[in-house]
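Below is one structure, written out as structure tokens; comments come after it.
What follows is calculated from the coordinates using simple rules that are stated; it is not laboratory data. Please read all numbers here as calculations on a predicted model, not as lab measurements. Positions of Cβ are generated from backbone atoms using ideal geometry, with glycine treated the same way; all protein chains shown enter the neighbour counts.
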Amino acid sequence: MIGISGRTRVCALIGDPVWHSLSPTIQNAAFEHLGLDYVYVAFNVSAENLEKAILGVRGLGIYGLNITMPHKISIIKYLDILDESARRIGSVNTVLNRDERLVGYTTDGVGALNALRYAGVDPSGKKIVILGAGGASRAISFTLAEYARELIILNRTVERAVDLARNIRDALGDLVNVKAGELADRNLERELKDADILINATSIGMKPNDSETPVRCDFLHSNLTVFDIIYEPLETRLIREARIAGAKTIDGLSMLIHQGAASFEIWTGMRAPVEVMKEAALKKMREAEGYNRGMKDDW
Ligand SMILES: NC(=O)c1ccc[n+]([C@@H]2O[C@H](COP(=O)([O-])OP(=O)(O)OC[C@H]3O[C@@H](n4cnc5c(N)ncnc54)[C@H](OP(=O)(O)O)[C@@H]3O)[C@@H](O)[C@H]2O)c1
């Protein structure tokens, strides 16, 4: 364990709530593994305190930030510089305090891309169906649109999917093949038949609603890779049914680790120890599960 000193670089997560976050576990495991004099903490910052928190970051010289809900968009106005992809996507989840200038990045899209690659899935030339048009889908869709042969965005509120598809075409040009539609069985059935990759970027299936799934199991097939970005629970109903259908599956922890790894690389300039980060997260999740089970047993 590295001793904390006056030279230790401080990185922090800010969001509301942050008490359940795995990021301190993941990042501190990586710093410790590489013997880096960094420490990572989490601050619960409400929307009305965001401006004061960023003044605090500047005043205290906090070196790096991760930003989570609900601040990924509202933080932008307090930053000095935006990286190209953060500007395009309109969302920031990572900040580097470079010579007292706060630079905003987004690693959600590259986190999803690297989660696919880590599982041996190359999105280049593939037909990808993504469910949802919220913040996570925005980042993933912008990133994968550059690789996919065809990207289909399906969302409950169809206007949001249409807007996102239009934003992507405006930013990347008409050469990208992006379409939008409603998250409805008739569209899912038609689009999934010849799709290569299905990504769930909605919150359907997330705890406590983990008996729900966004896709009927008879639409799933063995030529699909099914990537559910939800990581609570780790095995969603969609992932379970995809496995039964013979599909390759990728869980949300992989994206969490890879987006964290990309943040780590921005702060340290070093390659992130992904396996160490993953092991630390799994250990923490198992402990939390045991703790919760223990609590239930006690009752
Ligand atoms: N693994 C990771 O690293 C990672 C990173 C970021 C997010 N996530 C997870 O991704 C999920 C989405 O996050 P986000 O930040 O994009 O949230 P968000 O901006 O609030 O978007 C939520 C999306 O889910 C859809 N949705 C919610 N409830 C629905 C329902 N009952 N039926 C149909 N559609 C529904 C929304 O559709 P409407 O537009 O119609 O409301 C919207 O498209 C969350 O579960 C989050 O935990 C994981």
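What are the principal axis extents of the Cα atoms in the chain, in Å, biggest first?
Taking the Cα atoms of the chain, the three principal extents are 59, 53, 35 Å.
If a/c stays under 1.5 just call it rounded; otherwise compare a/b with b/c (prolate if a/b is bigger, oblate if not). Do that for the range 189-299, with a ≥ b ≥ c from the square roots of the Cα gyration tensor eigenvalues.
Numbers: a/c = 2.52, a/b = 1.21, b/c = 2.09.
Taking the square roots of the gyration eigenvalues as a ≥ b ≥ c, the range 189-299 is oblate.
Take peptides 175-181, 159-165 and line them up by average Cβ neighbours within 10 Å, highest first, as a rough protection proxy.
On the way: 175-181: 17.0, 159-165: 18.9.
Output ranking for 175-181, 159-165: 159-165, 175-181.
Please list 132-142, 8-18 highest first by mean number of surrounding beta-carbon atoms within 10 Å per residue.
Values: 132-142: 25.0, 8-18: 19.4.
Highest mean packing first, the order is 132-142, 8-18.
If each DSSP helix of 4+ residues adds -39,500 (n - 2.57) and the sum is divided by the residues in the chain, what number results at 222 nm, nearest 500 deg cm²/dmol? Let's see the in-between values first.
Numbers: 10 runs with 123 residues, N = 299.
For the chain, the value works out to -13000 deg cm²/dmol.
Which ordering of SER46, SER91, SER21 is given by a fewest-first count of other beta-carbon atoms within 10 Å? Walk me through the intermediate numbers first.
Numbers: SER46 12, SER91 23, SER21 16.
Fewest-to-most ranking of SER46, SER91, SER21: SER46, SER21, SER91.
Most mobile of THR143, THR236, THR157 per a Gaussian network model of the chain (Cα springs, under 10 Å)?
THR157
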